[in-house]
Amino acid sequence: MVGSMKNRQYHIKFPPTDPHQLSQDEAYFYLLENHEDIKIRFHDYSEIYKRPGLYEQLFYDRLKCNSPKKVRDILAKVLSDNRVEMTELRVLDLGAGNGMFGEQLQAGGVARVIGVDISPEAADACARDRPGRYDAYYVGDISNNEAAISEDLKSWQFDCLSCVAALGFGDIPASAFAHAFNLISPSGWVAFNIKETFLLASDNSGFSTLVKTLLNSDALEVHHLERYRHRISIDGRPLFYHALVGRKESDIPPSVMSTLS
Ligand SMILES: C[S@@+](CC[C@H](N)C(=O)[O-])C[C@H]1O[C@@H](n2cnc3c(N)ncnc32)[C@H](O)[C@@H]1O
């Protein structure tokens with residue numbers, strides 16, 4: 001993190017509302033700016049990214065998010081167990097945001113890391129706060145193969161897909177994740193995290209169905225699945241996620257792709 005961001009402190013307040021009445025994508029906070037409380041939803045990333053250091057202060061300092069390091073550590077361990085060097089990896093980081101996971105990957109010495117995010121503000125924040133962490137950063141929606149960036153992405157010949165704190169809950173839809181998965185070479189690596197409820201049999205959201213399909217099909221060989229504390233909620237309760245690292249065995253077949261939205 002650049003020095004000027006480290007020292008910047010925003011005045012953040014959480015609402016009195018019982019947070020259990022709000023789903024994770026409805027949660028919000030107030031930011032005191034110019035003597036006014038501005039209400040910002042946790043998922044209004046464009047508003048958050050516009051303000052240098054606010055994302056880090058909110059999610060990492062205040063709410064103790066630990067996911068980029070956790071997923072990086074698990075990926076490193078799985079690679080080491082399989083005698084693969086992290087320095088060989090060509091990673092597609094989907095939902096790259098302002099570069100928190102790209103920073104972890106770069107510190108691990110990966111050969112290439114390419115960011116993709118739907119939000120132009122994320123790309124601007126990454127260039128502003130973590131310049132040079134990605135070899136390239138694309139703004140766009142990869143939910144379908146017609147996307148203008150798909151051809152460019154193919155040319156990077158990825159052998160690893162990462163996606164941290166970005167799946168489900170109105171963030172990255174199943175179809176975008178599935179297209180990214182199919183951009184990875186056979187026997188490439190996949191590292192991501194998801195809220196624990198996505199693995200429940202009772203969850204039949206599109207994303208949950210895709211993950212369960214992956215776990216029960218030949219497309220992905222799971223090497224490590226771990227439940228851990230992703231962060232705390234605004235009233236201090238732990239929010240548990242699963243981190244998963246696996247090896248791609250085959251593309252998600254067209255019969256499954258056509259069912260995804
Ligand atoms: C919570 S942030 C996580 C950012 C980063 N991976 C991290 O660990 O800090 C979620 C990111 O997913 C991005 N996102 C949401 N929907 C997306 C989509 N359809 N395609 C690509 N990125 C998307 C958001 O713009 C946001 O930057």
Holding the Cα-Cα limit at 29 Å, pick out from 39/77; 70/212; 50/195 the pairs that are longer than that. 39/77
Got the relative contact order for the range 67-257 handy, in percent, Cα pairs under 8 Å and 6 or more residues apart? 20
Apportionment of accessible area to carbon and sulfur, the range 67-257, percent (1.4 Å): 48
Applying 1/(1 + (r/R0)^6) with R0 = 25 Å to the Cβ-Cβ distance of residue 13 and residue 46, what FRET efficiency is obtained, to the nearest 0.05? 0.75
For the chain, accessible area per residue (1.4 Å probe, heavy atoms of protein chains only), Å²: 46
Net charge around residue 156, counting only other residues with Cβ within less than 15 Å of its Cβ (Lys, Arg = +1; Asp, Glu = -1)? -3
Nonlocal amide H pairs with residue 43, under 5 Å, H built at 1.01 Å: none
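The values are calculated or read from the model by the stated rules, or taken from the named source; none is laboratory data. Bear in mind the structure is a predicted one, so any value in this text is a computation, not a measurement. Here the Cβ is made from the backbone with ideal geometry for all residues, glycine too, and neighbour counts use every protein chain on show. The protein model used for the area step is the full one, side chains on, heavy atoms only, and it has no ligands, DNA or RNA in it. Shrake-Rupley method; radii C 1.70, N 1.55, O 1.52, S 1.80 Å.
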